[in-house]
Every structure is written in structure tokens, then in C-alpha cells.
Amino acid sequence: MPSPLMQGVMLALLAMLGACAGAPAADALPVPTIARLPSVTPVRPTNPPPPTVRMLVPTALPTTTPTATAQPTATPGVIETENGPVTASMARLRLATESYATLGDPNAPITVVEFADFGCEFCRLFHLRTFGALQAEYIATGKIYYVYKDLPVTSRQGAVAAQAAECAGAEGRYWDMHGALFAEPEAWHGGEAAALVRVRAAAEEVGLDAATIEACVVRGEQLANIDRNFAEAQALRLYGGFCITPPKP
């Protein structure tokens, strides 16, 4: 229905058109025919048809039982070698196994490989403050397989300490020696004689024969393993921190 404004405009236009055409004679005006408008009220039939009832037929239930979501499994692909297991993650990174410096289940879903230096202060703080909780919560529970590799680039006698740990590993006490060597990192920043003194003291602390461990280090029995760790780190572009080089003679 037009608004009052539009009605007014229409009436004005009609008036103007009528004025322009001239007023018709009174007797010529047509008599409007009034037609009866249809009623808007519906007429109820006397005999309405009965309502149509729709029957809802249930659909058939599925005969198959949905399968349960598969639970995560351990990482496959552990390779057993003469020196120990190599996980799939290690194989992809071309990392060899470690004979002594490993902890946990190699079938764990996660493999953590640490490259560190016994003379590195940040490495030392990690092992003193965090490693114990990591071992108790993740390694001992089968969630993480942990591998330690030597990268003696931040301390002058880091390779001596690394060999001492491996020599202790050959005697079945790697991780005990590992903790003892991290206890005093200052020993690995001086001369070789002072480093060997600390090696003997650490061996005695963990119940090993000091002379046996020192002789193993002096003969370089574990040096090839340290060199391999270093080469693996270089291949992965792991350079550690700042290398402290000995002064020129």
C-alpha cells in the first residue's frame, strides 16, 4: 500500500492531469460500479475430509560396528647392530649407535640425541637440573630413547673427559662416570695433567680402578668413538659453542 506521502503525490498528479485535460461535463461523469470483493474469511466445509496420517517407518540400523581409533605405537624400524640398536630417527640422520651412552627403550616413540661437551657450562646445568626429571618422567617410562654423543669443542680437555666416560662404560659404569665428570667442569679447561688428575678422582668416586681408567685414556682406546661423534655433528652442521684453543707455545 502506498505511503501517505506517495498517496498525496499521486492525488496531486491526478489533479494536475485533470486540470490540463479540462473538466468534463457533469452528466458525462461515469457512474462507478461497485463490485463485491471476495470474502477473506474462509468458509469451513460442512463435511471436512479426515486428516491424512503419515506413518514414520524407522530406517534399518547399521549392521557394521564402527572400528575403534588405533592407538599410537612405538616407532618402527629399530636396527640391531653389533654395537647396539639404531632407531629409525638415528638411521635417517646417519647416526651410529653408542655402545654405552644410551638410556631407555630403543622402541620408544621418540629418540633424543644429545651432543655435548663435559666442559660446557650449559650442558652441565642441563644435566644437574633437568636430566634427572627427564630420565624419571620420560626415559624410564618408555617414552624416550636417549643417546649421548660427545662434541668436545668448548673445552680444551673435553676429549679427555669424553674418553674417560667411554672407558668407564667399558667397565659397566658409563652413566656414573658421566655424572662425576660433569661435577667439576673447570678441570677440562686447563692442562692435560690436571685433567687426568680429575679423571682418576672421578673414577674412584664411582668405584672404578683409577689406574685402569687413566691408562685407557692415555692409550686413546676410545678416541675413535669420540672422533666419529665429532664427524657426525659436523655432518649435521652442529658446531656447539665457542672452541677454546690452547695457546701457542
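Every number here is computed from the coordinates shown, using simple stated rules; none is lab data. Computed from a predicted model, the values in this text were never measured in an experiment. Neighbour counts run over all protein chains shown; Cβ positions are idealised from the backbone, glycine included.
Spin-label model, Ala183/Glu221: points 7 Å from Cα along the beta carbon direction are separated by 2.3 nm. The DSSP beta bridges internal to segment 79-235 are antiparallel in roughly 40% of cases. Protection proxy ranking of 97-105, 157-165, by the mean of other Cβ atoms within 10 Å over each peptide's residues and highest first, is 157-165, 97-105.
Between Glu192 and Leu238, the C-beta separation translates, for a Förster distance of 22 Å, into a calculated FRET efficiency of about 0.30.
Here the dipole of segment 79-235 is about 380 debye; that uses its Cα centre as origin and unit charges on the Cβ of Lys and Arg (positive) and Asp and Glu (negative). The simple Förster model, with R0 at 35 Å and r as the Cβ-Cβ distance, assigns Arg92 and Leu128 a FRET efficiency of 0.65. Could you compute Rg(Cα) / (2.2 N^0.38 Å) for segment 71-144, with N its residue count? Rg over 2.2 N^0.38 Å, computed on Cα atoms: 1.18.
Taking segment 88-231, how much of its Cα-Cα pair set, in percent, is spaced more than 23 angstrom apart? For segment 88-231, the share of Cα pairs beyond 23 Å comes to 31 percent. Neighbour counts of other Cβ atoms within 10 Å put Trp188, Trp175 in the fewest-to-most order Trp175, Trp188. Annotation note: trypsin sites (Lys or Arg not before Pro) in segment 90-165 located in DSSP loop regions with a Cβ neighbour count of at most 10 within 10 Å are Arg94. Think of segment 79-235 as having a plus end and a minus end, set by charges on the Cβ of Lys, Arg, Asp and Glu; of Phe126, Thr81, Ala203, Phe126 sits farthest toward the positive end of this dipole. In this rough spin-label picture, where each label sits 7 Å from Cα along the Cβ direction, the Gln135-Ser99 distance is 2.2 nm.
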